[in-house]
Amino acid sequence: MRVTYILTGMAFAFSATILYNIVAGQITDPSSEAYGDYQIYTEQPKFCDGYPAVAYETFYPISRAIMGSALIAALEEFPHLLSPHLTDTLQSSLELNLKSNFTPTQSFYDTAYGLSTSFVALWGGKNLNLSDSGINVTAQGNELARQVIDNYDQYRTIPEFNSVAWLTFTFWPLAMASKYLGDDLELGRRAPDLIGSIWTDLAKWYHADLNNLAAPISRGFGYDLTKYMHSFGLLVWDLVGHEHSPYYLLHPTNPIPRVTDFTNGEHSVNGTAFIPTIDYEPQNLTAWLSDNITIGAVSLNEVSAGGPYSESIYIPGAIQWHTGDVNNEVGYINVYPNETSMHIVASPHLLNVSLPNATFTSSFQFQVVAFADGHDFDDWNDATGLSVKVTGRAASNFSVGFAGSLGGTGGSAIQEFEFWNVTYAMASDFKVGDVPWMVLEVY
């Protein structure tokens, strides 16, 4: 990890003030769910009955570890610039950070949280005096890192597959671990390999001409990577330049051609992922990428609909294509994750969706891009630039409603993306035990 710093005079004084302000905003109440976390913004009120600590609303559990790793970077990179008082302040904040991370109220539920937390713990075990805390942070950090590494070694991917906005929180702690932990700790020893392997896997799913990753996407904060800012786009930009990146890595042997041109031609990709607290069985990932179309999918059987997060950001299946628009518009047809069990498979030209545990109220829902020219979508003939043939065992008729920023019969926009909601109900002769299915064949 190579970093060039320019930090002198007033710039350093300003940076020191920022660090002091961050630490001053740390929550020090042991009874608070946000204990050890940091304010989201300077004017944020203290938590109380009228303003409770609510995870992912008024505080973010992962920020405890992210801010901790940022403080570690300051201590590691700028020891000659930090005053003794500021050094002590940062170290004290990290000690509280670690104590709070390993209280019974905290839980470990994803790779990014696990990697960030384990890195801070392992660094703290090597560099801080925590003997009076009653917590063996090195043992805790090693165990958490072990869970992440074991999961990756078994399934060769991370549970947050193809989640562009989440990659920073995976690569950042791995890069920090590689640089600061050393080979005597497993996370430090394995970090370079994990970075390379994850990047290589991502490159298989990336379509450089569409500037998008193929589905499935476990955390999609948008439906077209060229339309919003995300860390994957910044990483690709840094590697190969803005003109080859999605708008808005450390890596192994030369994956760069995969992110500059669609040089590998038509190909299929397969993978497996597993989240112990969510999945009843491993998820099977499939994708097919061609010159102008990608189809991606995941078969899942999970505790709740929407995968590990929520229906709004989980994309278990999708078709992407160039619409032919002069501005290189990318069209998409997403499968909405409204069932706990969905068998979705991608193969050449086909997206196959079936519902193993369907009931009378089940439905197939597809989110179709709101085309840039504003034309209505009444049926599949209106999918500009794509030929769509639909077959299956569901109601032959379907409903179409627009989901826009100002509403519509299809609902509301998701993550500021408007779309047409296409819904197929169960067939009139559906019986409990039947497995309804639909196939979208596209050219």
ask   = Restricting the first residue to segment 128-141 and requiring it to be on the phi < 0 side of the Ramachandran plot, which pairs with a second residue that is of a type in the set (F, W, Y) and modelled with pLDDT under 85 meet a Cβ separation below 7 Å and a spacing of at least six or different chains?
value = I135/F102; V137/F102; Q140/F102
ask   = Say we look at segment 301-328 and pick out the residues that are in a loop (DSSP other than H, G, I, E, B) and among the polar types (S, T, N, Q); which of these is surrounded by the most Cβ atoms within 10 Å (Cβ to Cβ)?
value = T323
key: Test result for G296, small (G, A, S), at pLDDT 95 or above and closer than 24 Å to I158 by Cβ   = yes
query = In segment 71-94, which residues are of a type outside the set (A, V, I, L, M, F, W, C) and crowded, with 18+ Cβ neighbours inside 10 Å?
reply = T89, S93
message = Consider segment 20-33. How many of its residues are within 28 Å of the chain's Cα centre (by Cα) and of a type outside the set (S, T, N, Q)?
response = 5
inquiry  = Being within 16 Å of the chain's Cα centre (by Cα) and closer than 16 Å to E281 by Cα is the filter here; which residues of segment 298-326 pass it?
reply    = V298, G306, G307, P308, P316
task = Could you please find all residues in segment 56-70 being at pLDDT 90 or above and either acidic (D, E) or surrounded by fewer than 19 Cβ atoms within 10 Å (Cβ to Cβ) (or both)?
result = E57, T58, A70
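The values are calculated or read from the model by the stated rules, or taken from the named source; none is laboratory data. Keep in mind it's a predicted model, so treat the numbers as computed, not measured. Note: ideal-geometry Cβ built from the backbone for every residue, glycine included; neighbour counts use all protein chains shown.
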